[in-house]
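Engineer: Below you'll find the structure I mean.
The values are calculated or read from the model by the stated rules, or taken from the named source; none is laboratory data. These numbers were taken from a predicted model, which means no experiment stands behind them. Because the Cβ atoms are built from the backbone with ideal geometry, glycine has one as well, and the counts that use them run over all protein chains shown. Surface areas here come from the heavy atoms of the whole protein model, side chains and all, with no ligands, DNA or RNA. Shrake-Rupley method; radii C 1.70, N 1.55, O 1.52, S 1.80 Å.
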Amino acid sequence: MANDPEFQALRTVSARAGADPLLVQAAGGNTSIKRDGILWIKASGTWLMNADKDDIFVPVDLGQLNKAVRRDDGSAEKAQDFVVADRNPSGLRPSIETTVHSALPQDVVIHVHCVGTIAHAVRADAGAVLAEKLAGLDWAFVPYVKPGLTLSHSIEAVLKPETRVLVLGNHGLVVCGDTVAETEALMDDVHARLTGTPRATASADIEALKRLAQGTGYDLPADPASHGAALDAASAAMAGQGSLYPDHVIFLGVGSVLAGEGETAADVAARFEAAGLPAPVSILFPGKGVLMNGSANAGAQALARCLADVTTRIPAGTALNYLTEAQNAELLDWDAEKYRQALNNKGAGA
Ligand SMILES: [Zn+2]
């Protein structure tokens, strides 16, 4: 594979997308290429931004995997059983979204958590607004279901031979094509059509935040852009109503925690402790900014920024679809996802 120029091109576009927080956050997103019956897919828990320098692709036997998908075999979801072991020296596991890639017949598949796409895909009127903005593209909308095998079945249900763009409700974007260049161009086209302009926000009140963090392990976020979700009333209101996409739940927990008037980080943590809950990973202080728990990993930091990027791109007052209680719960009780989190906590690929 190392000598295949298309594989090299895939590594290059993967690294580029992975380094752009408007396309990919942390270990999110995945890319693949099919060659001689093998699906080379990004490994679970690895970061696309490292695709150029590290070996992050895992070979999966496409025929065996597709058979397992057709009989709705649960082992298809992790796809671990179908790894071609003697061509996988890294020993990494395939992405938990491998079946999304195997469901598509095209050679090249790119899946990103494109911020502009998410900002549309969470809207109650997603179908209508996307129809207008994606006019001329062969696209389809897939209403939200849990990522993995369920999602690949939902994709198969809407897929037509000409489909090249899939907008995943409350999740992200999938594009596919016969070549890397064609698929990359499609990703960039959809990104450009949907990225929009974020609402301008006030500046963070860093001094106030430092005071509010006193005596706790809370600290300023790694990326100052994260403050946006708390600095704009409309964005904070959207965040406060629940979880909008899976990686938010995985890395930041269910929904977002807004501090009440006059509440410090210690007060919020005490409020959670009294309810028998762990201290929140992040706390939004409306009008001031965001504080992150000292335990927040790189993934949590990236998703804190993502929340600001998504919510400031959604017009104030837009009706949104939030993940239900059951959908939040199924994300947090998911073995494959726990493996990805464990890798992330170890700092693999960070
Ligand atoms: Zn995804």
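Engineer: State whether the residues of the range 112-131 include one that is open to solvent by less than 20 Å² (accessible area, probe 1.4 Å) and over 26 Å from Ser235 (Cβ atoms).
Structural biologist: The answer is no; no qualifying residue exists.
Engineer: Identify, please: which residue in the range 44-61 is over 13 Å from Arg11 (Cβ atoms) and open to solvent by less than 10 Å² (accessible area, probe 1.4 Å) and is, among those, nearest to the ligand (Cβ to nearest atom)?
Structural biologist: Step by step, filter the range 44-61, then rank; the result is Ser44.
Engineer: Give me a count of the residues in the range 74-100 that are exposed (fewer than 14 other Cβ atoms within 10 Å of the Cβ) and part of a loop (DSSP other than H, G, I, E, B).
Structural biologist: 4
Engineer: For the range 214-248, which residues satisfy the criterion of being surrounded by fewer than 23 Cβ atoms within 10 Å (Cβ to Cβ) and farther than 11 Å from Val290 by Cβ?
Structural biologist: Listed by number, the residues that qualify are Gln214, Gly215, Thr216, Gly217, Ala233, Ala234, Ala237, Gly240, Gln241, Gly242.
Engineer: Quick check on my filter: what residues within the range 260-303 are of a type in the set (A, V, I, L, M) and open to solvent by less than 10 Å² (accessible area, probe 1.4 Å)?
Structural biologist: Ala265, Val268, Ile283, Leu284, Val290, Leu291, Met292, Ala300, Leu303
Engineer: Quick check, is His153 in contact with a Cys (Cβ under 6 Å, 6 or more places away or on another chain), open to solvent by 10 Å² or more (accessible area, probe 1.4 Å) and within 16 Å of the ligand (Cβ to nearest atom)?
Structural biologist: No, not satisfied.
Engineer: Further question on the same structure: Any idea how many residues of the range 23-43 are away from the ligand (no atom under 15 Å from the Cβ) and either part of a loop (DSSP other than H, G, I, E, B) or at pLDDT below 95 (or both)?
Structural biologist: 2
Engineer: Would you pick out the residues in the range 243-292 that are within 16 Å of the chain's Cα centre (by Cα) and closer than 18 Å to Asp333 by Cβ?
Structural biologist: Across the range 243-292, the qualifying residues are Ser243, Tyr245, Pro246, Asp247, His248, Val249, Ile250, Phe251, Leu252, Gly253, Val254, Gly255.
Engineer: State the number of residues belonging to the range 1-30 that are in contact with a strand residue (DSSP E or B) (Cβ under 7 Å, 6 or more places away or on another chain) and of a type in the set (Gly, Ala, Ser).
Structural biologist: Looking only at that region, the number is 3.
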